[in-house]
Amino acid sequence: MQEIKSKQAVSISEVKEILEKQDLEKMDQIQRWTYDYVTKFTKLDAKSAKKMKQELVKDCGITEEEAVEIVNIRPTTLAELRSFTFGWKKLILAETLEKMLKIIKEYS
């Protein structure tokens with residue numbers, strides 16, 4: 001069993017990038033399923049996903065995990081965005097939500 005050396009929240013775009021570096025023939029079944037999933041559902045390249053995540057964390061004061069959730073889903077309206085942030089159990093100001101939408105739209 002391998003030892004966990006560090007933990008980091010990554011978007012599905014970043015997962016795809018990581019798995020693309022692996023030999024498909026050497027992947028176990030779960031890795032292959034994961035690769036199939038991210039290949040079908042990734043709509044953003046890993047570089048853009050990383051930049052969006054960094055901007056959301058830096059400019060909107062959210063955690064990396066919260067930013068990954070936004071990057072993966074990429075809500076397009078204030079109502080959609082509110083439905084995600086509501087689950088975080090913290091108040092997000094309307095101006096911050098607008099800033100988040102602006103960042104999301106930059107990468108769409």
**Q.** Extreme residue, surrounded by the most Cβ atoms within 10 Å (Cβ to Cβ), among residues of the stretch 1-17 that are at pLDDT 95 or above and more than 10 Å from the chain's Cα centre (by Cα)
**A.** Lys16
Q.
Can you tell me which residue is surrounded by the fewest Cβ atoms within 10 Å (Cβ to Cβ) among those in the stretch 20-64 that are in a helix (DSSP H, G or I) and of a type in the set (Asp, Glu)?
A. Glu25
Q) Among the residues of the stretch 64-84, which ones are within 20 Å of Ile12 (Cα to Cα) and touching a helix residue (DSSP H, G or I) at 6+ places or on another chain (Cβ under 7 Å)? A) Glu64, Ala67, Val68, Glu69, Ile70, Val71, Asn72, Ile73, Arg74, Pro75, Leu81, Phe84
Q: Output the residues belonging to the stretch 65-96 that are over 16 Å from the mean Cα position of the chain (by Cα), surrounded by 13 or more Cβ atoms within 10 Å (Cβ to Cβ) and assigned to a loop (DSSP other than H, G, I, E, B).
A: Ile92
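The values are calculated or read from the model by the stated rules, or taken from the named source; none is laboratory data. Quick caveat, the model's predicted, so the values are computed rather than measured. Methodologically, a virtual Cβ is constructed for each residue, glycine included, from the backbone with ideal geometry; neighbour enumeration extends over all protein chains shown.
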